[in-house]
1. Given the condition more than 10 Å from ligand 2 (Cβ to nearest atom), surrounded by fewer than 20 Cβ atoms within 10 Å (Cβ to Cβ) and at pLDDT 95 or above, answer yes or no: does some residue in the range 128-140 qualify?
2. Looking at the range 92-117, which of its residues are part of a loop (DSSP other than H, G, I, E, B) and without any contact (Cβ under 8 Å) to a residue 40 or more places away in the chain?
3. Looking only at the range 142-157, count how many residues are surrounded by fewer than 22 Cβ atoms within 10 Å (Cβ to Cβ) and either without any contact (Cβ under 8 Å) to a residue 60 or more places away in the chain or on the phi > 0 side of the Ramachandran plot (or both).
4. Being surrounded by 15 or more Cβ atoms within 10 Å (Cβ to Cβ), touching a His at 6+ places or on another chain (Cβ under 9 Å) and either on the phi > 0 side of the Ramachandran plot or without any contact (Cβ under 8 Å) to a residue 60 or more places away in the chain (or both): is that true of I83 here?
5. Of the numbered conditions (1) of a type in the set (V, I, T); (2) closer than 28 Å to L159 by Cβ; (3) away from ligand 2 (no atom under 13 Å from the Cβ); (4) in contact with a strand residue (DSSP E or B) (Cβ under 7 Å, 6 or more places away or on another chain), I88 fails exactly one; give the number of that condition.
6. Are there any pairs with C-beta distances below 6 angstrom linking a residue in the range 20-43 that is within 12 Å of H177 (Cα to Cα) to a residue that is of a type in the set (D, E), with the two at least 6 apart or on different chains, and if so which?
7. Hey, among the residues in the range 158-175 that are under 12 Å from the mean Cα position of the chain (by Cα) and away from ligand 1 (no atom under 16 Å from the Cβ), which one's surrounded by the fewest Cβ atoms within 10 Å (Cβ to Cβ)?
Amino acid sequence: MTYSQIKNEIRKRILKLRESYQVNKEDIYKIKEKFLSLLDKYKSERILLYYPHKNEINTIPIIEELLKRKKTVLLPKVEKGKILPILISDISNLKVGFAGIKEPEGEVFPKNSIDITVVPAVAYDRRGYRLGYGKGFYDRFLQDFKNLKVGLAYKFQVLDKIPFEKHDIPVDIIITHEEVIEAGRERSFLNK
Ligand code: ADP
Ligand code: MG
C-alpha cells in the first residue's frame, strides 16, 4: 500500500468513529479551558481558528471568548483551493461557502502576522502529524507559516503514528479534554 492509501484507510476509519461519537459538552469545555491557558504562555493576539463542520470539535465557545477578550479573530475562507484568513468581529454574519462550511467575507489578513493557527484535522499523531480531509489545503497554507500551530482533538483522533509525506506540516500542540500534547517536543525527542 502507498502512503496515500494508508492515509485514506485511517481517514475513513476515524471519520466513521467521529460520525457516531456522542459529543460530551464537558469535554468541549475542558478543551476550551486548555486552549485559553495557552494564551498566557504564547504570543496570542491574532488567532486563526476554523468554523466547526459536521462533528468537528466545537470551536464556537472559544471564538466567542476570544472576541470577548478583544483578540484579533480570523476564520478561513476557501478561494480557488486556497485558505484565506479573514477578520471577524462576530460570529453571526457568516455565509455558507466551500464544502458547506460557514465562512466570513472581507479583507484577507497577512498570514505571518497571525500568532496562532488552529488547524483542524481528521486525526493527529503524537508527533503532530495530521490527516486532513485529503486535499492538502492546510499543508499548503502552513508551508510558509512560522508561528504556533495547534490541533484540537477527541481522544480517538490522536494516534501513535500517522504516515507522513514530505509536504505534510505537523502541528506543535494538540489539545484533548485530558491533555496538552507538546507534539513539537515529542518530534524532537524522536529526532525527526
Ligand atoms: P491532507 O493533508 O488534507 O490529509 P494530503 O497530505 O494527503 O492531504 O495531501 C493531499 C494532496 O495535496 C497530495 O496530493 C499532496 O501532494 C498535495 N499537497 C499537499 N501540500 C502540498 C504543497 N505544499 N504543494 C503542492 N501539493 C501539495
Ligand atoms: Mg497532509
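The values are calculated or read from the model by the stated rules, or taken from the named source; none is laboratory data. Since we're looking at a predicted model, the values are computed, not measured. Heads up, the Cβs are rebuilt from the backbone with ideal geometry, glycines too, and the neighbour counts pull from every protein chain shown.
1. For the range 128-140, residues more than 10 Å from ligand 2 (Cβ to nearest atom), surrounded by fewer than 20 Cβ atoms within 10 Å (Cβ to Cβ) and at pLDDT 95 or above: absent.
2. Those that are part of a loop (DSSP other than H, G, I, E, B) and without any contact (Cβ under 8 Å) to a residue 40 or more places away in the chain: S92, N93, G97, P104, E105, G106, E107, P110.
3. Qualifying residue count, the range 142-157: 6.
4. It is false that I83 is surrounded by 15 or more Cβ atoms within 10 Å (Cβ to Cβ), touching a His at 6+ places or on another chain (Cβ under 9 Å) and either on the phi > 0 side of the Ramachandran plot or without any contact (Cβ under 8 Å) to a residue 60 or more places away in the chain (or both).
5. Answer for I88: the failing condition is (2).
6. none
7. Taking the candidates together, the pick is D172.
Quick grid of which residues meet (1) more than 16 Å from ligand 2 (Cβ to nearest atom); (2) more than 19 Å from A123 (Cα to Cα); (3) in contact with a Phe, Trp or Tyr (Cβ under 6 Å, 6 or more places away or on another chain):
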residue: K7; (1), (2), (3): no, no, no
residue: K16; (1), (2), (3): yes, no, no
residue: Q22; (1), (2), (3): yes, no, no
residue: E26; (1), (2), (3): yes, yes, no
residue: Y29; (1), (2), (3): yes, yes, no
residue: K32; (1), (2), (3): yes, no, no
residue: D40; (1), (2), (3): yes, yes, no
residue: S44; (1), (2), (3): yes, yes, no
residue: P52; (1), (2), (3): yes, no, no
